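Notes follow once the structure below has been shown.
The values are calculated or read from the model by the stated rules, or taken from the named source; none is laboratory data. No experiment lies behind these values; they were computed from the predicted model shown. Cβ placement follows ideal geometry from the backbone for every residue including glycine, while neighbour counts extend to all protein chains displayed. Note: areas computed on protein heavy atoms with side chains; ligands, DNA, RNA excluded. Shrake-Rupley method; radii C 1.70, N 1.55, O 1.52, S 1.80 Å.
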Amino acid sequence: MPADLKSFYPDLADFRLQSSIVIFHQRFSTNTVPKWHLVQPFRYLAHNGEINTITSNREWARARSCKFASQLLPDMADAAPYVNESGSDSSSLDNMLELLLAGGMDLFRAMRLLIPPAWQNHPLMDEDLRAFYDFNSMYMEPWDGPAGLVMSDGRFAACGLDRNGLRPARYVMTQDGLITLGSEVGLWDYAPDEVLAKGRVGPGELLVVDTYTGKLWRNFEIDDELKIQHPYKEWLAQNCLNLQPLNSVRDEDVSPFNLNGEGLDAYLKLFGYSFEEIEQQLLVMGEGGQEPVMAMGDDTPLAVLSSKPRSFYDYFRQKFAQVTNPAIDPLRERHVMSLISRVGREHSVFYETYRQSHRVQFDSPALLPSDFAQLMALDEAYYRTQIISLNYQPDEGLQAALERVCHQAIEAARDGVVQLVLSDRDIQKDCLPIPAAMAVGAIQRLLVAEQLRCDTNLLVETASVRNSHHLAVLLGFGATAVYPYLAYELLAERLAQKQLSGSLRQLFSNYREALNKGLLKVMSKMGISTVSSYRCSKLFDLVGVHTEIADFCFQGVEPRIEGVGFAEVEADLLRLSQQAWSPLPISFGGLLKHQSQEEYHCFNPDVVLSLQKAVKSGEYTDYQHFSRLVSERPAAQLRDLLQLTEGDGAIALDAVESESSLYPRFDTAAMSIGALSPEAHQTLAIAMNRLGGRSNSGEGAKMPGALWMKEIPRSNRWLQDALASPLII
């Protein structure tokens with residue numbers, strides 16, 4: 001506790017120890033158990049909040065190890081890995097800041113690279129400043145999240161805030177030259193007439209004090225200093241390519257439309273499309289520009305328990321922000337979010353030169369047909385391209401085929417390929433497609449291990465992607481961009497058959513816009529603002545996948561429960577292949593709505609009607625019928641795999657524990673004010689008070705209710721309980 005600090009660090013009270021700078025961080029462990037590997041202080045900074053992008057940041061730190069080269073540290077490679085992966089997110093950020101400063105980067109640029117403001121959609125930003133951020137964004141993704149940081153390198157004392165400004169940072173300047181900055185004002189007892197100025201650090205801003213000169217650097221002064229270091233705007237104008245937008249390409253370049261009739265049906269069946277999915281999802285996205293609104297909940301079996309071949313993407317469950325790392329509203333906070341993606345070869349972040357400005361930039365990682373065609377036509381001198389087929393002969397085996405594809409990718413990267421295209425387009429009757437997610441995850445892992453990821457980009461041309469979840473999985477495991485060609489083929493074919501209205505440009509634009517909105521929604525659930533920070537984040541749970549697949553393809557993601565291995569996935573691919581080349585029609589589906597002979601639904605009409613009948617009649621036989629339908633259903637959820645073990649006999653009533661001894665063991669866990677309101681805290685505390693249990697206020701203490709209890713009428717029990725309950729301070 002703060003009061004005990006002087007007992008542990010007596011040197012702080014020694015008059016011989018003097019400093020112009022003091023940085024400290026004090027927190028309450030409201031949702032974590034204190035552990036030594038999470039301890040502070042760090043070397044340069046203290047951090048309030050969470051870095052929601054930490055898994056992506058650590059992955060890219062590994063990938064860029066070979067790119068961190070500086071003349072000041074010729075033996076820098078001997079210090080790798082530079083960022084720890086076992087400590088807190090704060091310590092990893094501190095590691096990266098230390099690396100940048102040790103390599104010769106100044107504090108201003110280092111902090112602007114790590115915690116940049118929301119520059120992409122800022123309508124009033126100076127163009128030279130925008131060029132500075134644009135140039136540097138190629139070599140460092142934002143360490144994003146609700147973060148307030150204070151730091152010092154011994155000369156500068158600085159504070160920075162995340163792009164959303166979700167953590168407060170308020171300062172007070174007094175007439176004697178003292179500046180105090182913290183998450184709250186009033187950190188010390190200054191008199192009102194001593195105050196020279198008060199203010200706050202805004203979203204994405206920096207405030208820096210130079211203790212050598214006494215200069216106070218405000219945000220605009222720092223930006224003015226950075227933007228003139230190099231002619232960033234001129235460099236980008238000469239070397240940065242932007243893909244031609246859809247509304248300006250020629251009519252003949254808009255549509256792929258290479259498939260129709262039986263050929264299109266074979267693709268649809270091979271990749272598991274259903275009539276229901278096409279009509280109620282994909283076509284709706286093409287016509288309306290957004291994903292369809294559906295009921296909450298999913299009462300179909302987990303993919304591993306399904307009797308039908310399921311998309312491999314169904315084995316992934318998206319993670320979401322919890323407790324104090326809040327989600328983002330992708331509608332009202334759209335200005336802080338960005339899907340801008342880039343293709344090109346990375347260089348050392350410690351140098352800023354003309355040749356480092358070569359890159360191709362596009363507004364979304366979901367590629368249109370015209371986008372993909374432009375990328376394939378780029379100059380081979382800077383953007384050499386190679387296509388690797390994901391199709392394989394069944395005799396080869398899925399695992400062996402995956403290993404072969406990985407070897408081809410590694411050799412291509414070593415040979416100087418900048419755009420590595422993983423494609424499942426050219427299907428054949430005797431071939432099976434490797435699931436794109438498996439290929440991306442495995443190749444990403446090996447490219448990072450071989451220090452080749454920053455020299456090449458993973459473009460995925462796949463028929464398997466048709467919604468934002470599929471897109472998010474591929475990006476989350478390393479894809480640079482994704483071209484869902486079969487969705488565009490289907491939209492073009494339906495328009496040609498006059499089943500859709502409008503123009504092809506509008507349909508394609510609407511579909512891509514729906515993917516963008518869905519991807520922003522997925523990112524916002526984890527409080528992540530930019531797709532560059534979401535890429536390689538691996539923010540998924542694997543449910544029902546064997547560790548042999550997880551270890552090879554999705555390193556760092558632990559399966560919640562094991563299940564299908566390479567053999568089982570290949571068996572599903574074989575079933576789909578047999579259907580694809582047969583005269584059977586496309587499956588109806590039944591995942592979205594119950595359909596006889598299709599996917600099982602826990603709340604099917606038989607279950608619902610039998611429940612209603614049992615409730616209305618009150619007959620025990622009717623309830624038994626309902627109970628059998630539920631308890632004897634096909635395994636749909638993990639709990640259906642459990643079975644109660646019968647005991648040897650009944651327990652005597654006098655052996656059952658009494659409520660008076662049971663309730664005191666109840667407790668409510670600590671939750672901060674960011675998660676629960678004071679009223680919710682009080683209600684939980686009231687319940688524990690009445691039961692004799694224990695409550696935890698989180699960040700705060702008990703109100704001194706005992707002092708006032710005698711003044712409250714005995715009849716007003718709620719108020720008595722409330723005054724004896726915790727409040728958030």
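For the chain, the Cβ-based charge dipole about the Cα centre amounts to some 1200 debye (Lys, Arg positive; Asp, Glu negative; other atoms uncharged).
Cross-link pairs exceeding 30 Å in C-alpha to C-alpha distance, out of K525/K613; K35/K215; K233/K521; K67/K538; K67/K521; K521/K593, comprise K525/K613; K35/K215; K233/K521; K67/K521.
For the chain, the share of accessible area belonging to carbon and sulfur comes to 53 percent (1.4 Å probe, ligands and nucleic acids excluded).
In region 236-307, one over the average inverse separation of all distinct C-alpha pairs is 16.6 Å, which is the Kirkwood hydrodynamic radius.
For the peptides 392-401, 425-434, residues were scored by their other Cβ atoms within 10 Å and the scores averaged per peptide; the highest-first order is 425-434, 392-401. For region 613-666, the extents of the C-alpha atoms along the principal axes are 40, 30, 28 Å, listed from largest to smallest.
Ordering 132-139, 48-55 by mean Cβ neighbour count within 10 Å, with the highest value first, yields 48-55, 132-139. Across region 377-477 the C-alpha pair distances fall into 5 Å bins from zero in the proportions 2, 13, 23, 24, 20, 13, 4, 0 percent.
Helices meeting the span-like rule in the chain (full DSSP H runs, Cα extent of at least 27 Å along the helix axis, mean Kyte-Doolittle score of -0.5 or higher): 504-525. Once the mean of 1/r is taken over each pair of separate Cα atoms and inverted, the chain shows a Kirkwood hydrodynamic radius of 29.3 Å.
Treat region 470-548 as a sphere of radius equal to its Kirkwood radius over Cα pairs and apply Stokes-Einstein at 25 °C in a medium of 0.890 mPa s; give the translational diffusion coefficient in µm²/s, rounded to a whole number. After rounding, the answer is 169 µm²/s.
Helical content of the chain, expressed as a calculated mean residue ellipticity at 222 nm, amounts to -9500 deg cm²/dmol (DSSP H runs of 4 or more residues, -39,500 (n - 2.57) each, divided by residue number, nearest 500). With the cut-off at under 19 Å, measuring from each backbone N in region 521-552 to a point 7 Å along the Cα-to-Cβ line of M294 picks out 521-523, 525, 541, 543.
The percentage of C-alpha pairs in region 101-182 whose separation is greater than 18 Å is 53%. Across all C-alpha atoms in region 323-438, the radius of gyration and Dmax reach 18.6, 52 Å.
For the peptides 285-294, 531-540, 243-252, 657-666, residues were scored by their other Cβ atoms within 10 Å and the scores averaged per peptide; the highest-first order is 531-540, 285-294, 243-252, 657-666.
Heavy atoms of the protein chains alone define the surface here; on that basis the chain has 50 Å² accessible area per residue at 1.4 Å probe size.
How fast does region 519-647 diffuse by Stokes-Einstein, in µm²/s, taking the Kirkwood radius from C-alpha pairs at 37 °C and 0.692 mPa s? My calculation gives 170 µm²/s for D. Computed from point charges on the beta carbon alone (+1 for Lys and Arg, -1 for Asp and Glu), the dipole magnitude for region 91-167 about its Cα centre is near 160 Debye.
Of the Cα atoms belonging to region 1-104, the radius of gyration and Dmax stand at 16.7, 47 Å.
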